[in-house]
C-alpha cells in the first residue's frame, strides 16, 4: 500500500496553463444533421454483451446512423454547458470539409458537396456559443464542390460564414483551414489532391484571413498523423496505413505559418473498429492500467517535439481527443472513462500549455452529455469539478504515479492535488499536512457504472435539472486513504 506525502510549501512551478484547457467539439454533423456512430446497447456498455465484429472498412457504414441536428436551444444542454465555465467550442470534423453554406436558402447543396448548413442552423450555434460564454473555432469546406485539385482554393464559401458570424453577434475567434488534412483526398478533399495542393491552398487561406480578419487566431494543421506514436497495447504505430502525408510535410512547405500547433489523438480504437484494427484496441480490462493512461501524455510529448520544430513557442491544442476513435469504447459513457479524462488533462499540463477539445459535448458514447436527453455522464461531472477546483498554475507534485498539483481555482493560498489510484485492488495512503477539502470520485456500482459518486453521494440531476451537491468533505490533518479505482481532488 503506497504512501504519499503532500506538500503545500515551496512548491516548484512548472508553468501557467490556458484557463480554457477543458473544451469540446460540437461537430458540424451535429449542427446540420448527419451520420454518426450508433449508440451501444445497455449490455455492451455494461460489458455483458460482446460487440459484433465487422469484416472490413467498407462495413463501417453498418455502424452509423442518421441523426437530426442537435437542439442547441435546449435549456438543459445550455445550462449544463454554461456550468462548465468559459471555454472553446470547436465546430469542425470531416463533415465540415464537405459542407455547403446555404445561407440563401436554395434548399440543396451543389454537386461536389455532401451536405448543407442553413442560416438558422448557424444562428442557433452562434446563440449557443454566446449563451455559454464560449469562444468559437471552425474549419472550412475544401472539396470538389468548391474547386478542383488543380484550381486554387477560393474564399467564396468561407467569407459567407465569417461574415454571418459577425452579423449574428459572435465573430469567429479562431480558424483552422481544414480538418485532418494528412488524409488528403480520403477526408473529402478534391479528387487527386496532394500535399503540394494543400501548401498552395493553406497559404491562400491564411493570407486571406490575415488580410480580412486580422484578429482571428490561426490554428493548424489539425492532423491525425500518428505514424511515430504507439497507440495500442501491441506497440504498432497509430498512423500506420492511415496517413497520406505527415504533419511535418503539411507545414514545412507552407509560407504562411500557423499561430497555434494542433493535432488529433485518441487513446485507441473502439470496439466498433477493433475487428479491423486489432492492434490499436485496448480491451476494457486494460482501461485502468498505467500503459493505457500513458497514451495521451506520450502523444503530447511526441507532438511537442514537432511543435518546437515547426512552430516554436506556440501553444499546442489537441483539437480532437477521446478515449477511442470510432465514437468511443463501450465504457466511454461510464465511470471507467473518468480516469483517462482526468489523467490526460493533468499530464498534458505538465508537458505544455494549450487546450484539449474533447470529442464531443453531446454525441455518441464519448459525449460528456447523452445525445438527445443531454443528461450528464460521469465525465461531465469530472470535468466540471476540474474546472471549479484546479487553478492555472501547475506545480511539480514530486510524487510517483498519477498525482498532480495545481493552484486553487478560487485564488486562495494553497494548492489542489489530484490523486488517481488506478489500482483496482490496492489502497493509496496520503499524509495531509493540514485540514483539507476532499472530493472523492468513484463508480456507484463499479468501474463500468453509468453513475459516479462524490464522497459516496450519487451525481445525478435533481428537480428542474438542479446540479447535485458538489461540495467537498472536510478532513483533518491526518492520513487519508484513496480507494482502489478512485479519483480524488484534495484542496489544501
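Read-outs throughout are calculated quantities, based only on the coordinates presented, and are distinct from any laboratory measurement. None of these values were measured; they are calculated from a predicted model. Please note: Cβ atoms are built from the backbone with ideal geometry, for glycine as well, and neighbour counts cover all protein chains shown.
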Given R₀ = 30 Å, FRET efficiency for residue 255-residue 309 by Cβ-Cβ distance, to 0.05?
0.95
Principal-axis tilt of helix 119-131 within the chain, Cα atoms, nearest 10 degrees:
30 degrees
Region 242-293 to region 26-57: how many Å between their Cα centroids?
19 Å
Among (i) 157; (ii) 139; (iii) 189, the value of volume of the Cα convex hull per residue in Å³ computed for this structure carries the label (ii)
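Under the rule of -39500 (n - 2.57) per DSSP H run of 4 or more residues, summed and divided by the residues of the chain, what mean residue ellipticity at 222 nm is obtained, to the nearest 500 deg cm²/dmol?
-7000 deg cm²/dmol
Arrange 66, 317, 88, 368 by Cβ neighbour counts within 10 Å, fewest through most, would you? Could you put the intermediate results ahead of the total?
Numbers: 66 9, 317 31, 88 23, 368 26.
If I rank by nearby Cβ atoms, fewest first, I get 66, 88, 368, 317.
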Neighbour-count ranking [beta-carbon atoms within 10 angstrom, fewest first] of 51, 357:
51, 357
Can you order the peptides 206-214, 292-300, 379-387, 23-31 by their average number of other Cβ atoms within 10 Å per residue, highest first?
23-31, 379-387, 292-300, 206-214
Rounded to the nearest 10 degrees, the helix 195-212 long axis (Cα) sits at an angle to the longest Cα principal axis of the chain of 80 degrees
When the chain is fully extended, how far beyond the present Cα-Cα distance does residue 461 get from residue 151, taking 0.36 nm per residue of separation?
106.3 nm
Expected sort for 482, 276 with the fewest Cβ neighbours (10 Å cutoff) up front is 276, 482
Taking every DSSP beta bridge with both residues inside the chain, roughly what % is antiparallel (nearest 5)?
50 percent
Using Cα centres only, tell me the gap between region 140-180 and region 429-492 in whole Å.
45 Å
Do you know the relative contact order of region 345-492, to the nearest whole percent, from alpha carbon pairs under 8 angstrom that are 6+ apart?
23 percent
Shape call for region 1-67, from the Cα gyration tensor axes a ≥ b ≥ c (a/c under 1.5 means rounded, otherwise prolate when a/b beats b/c, else oblate), comes out oblate
Quick one: angle between helix 378-389 and the longest Cα principal axis of the chain, in degrees between 0 and 90, rounded to 10, please.
80 degrees
Shape of region 20-132 from its Cα gyration tensor (a ≥ b ≥ c, root eigenvalues): rounded if a/c is under 1.5, otherwise prolate when a/b > b/c, or oblate?
oblate
